[in-house]
Amino acid sequence: MKPIVTLTLNPSIDGAAETDTIRPTHKIRTSNERYYPGGGGINVARVVAELGGATCAVYAAGGATGPILDALIEKRGIAIHRVDIAEDTRISHSVFERSTGLEYRFVPEGPELQPKEWQSCLDALDDVACDYLVASGSLPRGVPEDFYVRVSAIAGRTGARLVVDSSGPALRAAVAAGGLHLVKPSLGEFEALVGRKLPDAEAQHAAAMELVGSGKVALLAVTLGHLGAFLAEPGGVLRLPAMPIQAKSAVGAGDSFVAGMTLGLARGLPPREAFKLGMAAGTAAVLTPGTELCSRADVERLFAELQATPEGRPASVI
């Protein structure tokens, strides 16, 4: 299996810590500080590596914080292809308040990329060989809305299957252009994509099958938060409820889902089995605090549970 290549234009250094109580104007003493490489595609690469897959992270980073991000990624055994930019890579921070169980997340908007910088990101994709390319995360300032359309054109030339996990105008442009293998929006992002509310499962499934039937997207996986997720593919829709677990943090659950499902597809699993691996990875991420994402042991255990019956846990199949 060739490495799964991920693309992240707006990565981050993710700090996480804990404190007893958060109060305004007071100096808040924290403990259990941790730092992780973050951003959509980098999170996907982290999970692929955790699950034993080969991966390469292509990302834009620079300034004083760029080398720190490099070290954090390489520490996890991930091959890197960094595109240098002039501005600093952003640093985000999350604080868990022990007295309430609430988590506070502070996420900067990040650097503004110059045309030559985002063009260099596109050029970098021509230099990596892969069967699956995952373009994930928000577009930073300065990057055109049709950026993922340009990525799709490169994937078409190189023969890579493109996975897109984004939102807003960038996602709309990519879907309109077509040629996508897998798209993974949340329900809110999917509603924004189709331009209408989808109040129930019937409406959601119909809209999803309409998109898959258009030929622009081969597979569509929509995550529903605490309600689970569903997969639309040419054979119909598989809907699975959320697995009963004790949630600690939802940070990175969507990225973990994308990683699990993409790795399953890359390993030759049928789409519905790969979808279950994605469900297992997304659920496992919720079991860990802050931005720790998922552990391989949890993913394998949950995946086995989902495979316990022919269609996993009680599901709706149409």
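Laboratory data are not the source of any read-out in this text; all were calculated from the coordinates shown. In this text, all values refer to a predicted model and were calculated from it rather than measured experimentally. So basically every Cβ, Gly included, is an ideal-geometry build from the backbone, and we count neighbours across all protein chains shown.
The combined condition, being in contact (Cβ under 8 Å) with a residue 40 or more places away in the chain and in a loop (DSSP other than H, G, I, E, B), is fulfilled by GLY53. Scanning segment 189-218 for residues that are of a type in the set (D, E, K, R), within 23 Å of ARG161 (Cβ to Cβ) and under 19 Å from the mean Cα position of the chain (by Cα) returns a single hit, GLU189.
In summary, ALA16 fulfils each of the numbered conditions (1) under 19 Å from ASP88 (Cβ atoms); (2) touching a residue at least 60 places away in the same chain (Cβ under 8 Å) with the single exception of condition (1). Only residues that are over 20 Å from THR223 (Cβ atoms) and in contact (Cβ under 8 Å) with a residue 24 or more places away in the chain were counted in segment 119-138, giving 12. Regarding TYR36, is this residue within 30 Å of SER99 (Cβ to Cβ), surrounded by 17 or more Cβ atoms within 10 Å (Cβ to Cβ) and touching a Leu at 6+ places or on another chain (Cβ under 9 Å)? Against the criterion (within 30 Å of SER99 (Cβ to Cβ), surrounded by 17 or more Cβ atoms within 10 Å (Cβ to Cβ) and touching a Leu at 6+ places or on another chain (Cβ under 9 Å)), TYR36 qualifies. The sole residue among HIS81, HIS26 that is surrounded by fewer than 19 Cβ atoms within 10 Å (Cβ to Cβ), of a type outside the set (A, V, I, L, M, F, W, C) and touching a residue at least 12 places away in the same chain (Cβ under 8 Å) is HIS81. Scanning segment 111-129 for residues that are in contact with a strand residue (DSSP E or B) (Cβ under 6 Å, 6 or more places away or on another chain) and either within 12 Å of THR8 (Cα to Cα) or surrounded by fewer than 21 Cβ atoms within 10 Å (Cβ to Cβ) (or both) yields GLU112, SER120, CYS121, ALA124, VAL128.
The set of residues in segment 265-286 being among the basic types (Lys, Arg) and part of a helix (DSSP H, G or I) consists of ARG272, LYS276. Of (1) under 30 Å from ARG296 (Cβ atoms); (2) not in a loop (DSSP other than H, G, I, E, B), LEU193 satisfies all except one. Which? Checking LEU193 against (1) under 30 Å from ARG296 (Cβ atoms); (2) not in a loop (DSSP other than H, G, I, E, B), the one that fails is (1). The number of residues in segment 220-245 that are at positive phi and within 17 Å of the chain's Cα centre (by Cα) comes to 2.
Only a single item in (1) under 24 Å from GLY40 (Cα atoms); (2) not in a loop (DSSP other than H, G, I, E, B) is not met by ALA207, and it is number (1).
Taking the criterion of being within 11 Å of the chain's Cα centre (by Cα) and among the aromatic types (Phe, Trp, Tyr), the only residue of segment 248-283 that qualifies is PHE257. Of ALA160, ALA176, all but one fail to be among the small types (Gly, Ala, Ser), surrounded by 15 or more Cβ atoms within 10 Å (Cβ to Cβ) and at negative phi; the exception is ALA160. Looking at VAL237, VAL151 in this structure, which one is among the β-branched types (Val, Ile, Thr), in contact (Cβ under 8 Å) with a residue 60 or more places away in the chain and outside any strand (DSSP E or B)? On inspection, the qualifying residue turns out to be VAL151. Of all residues in segment 43-62, those that are touching a strand residue (DSSP E or B) at 6+ places or on another chain (Cβ under 9 Å) and more than 19 Å from SER138 (Cβ to Cβ) total 6.
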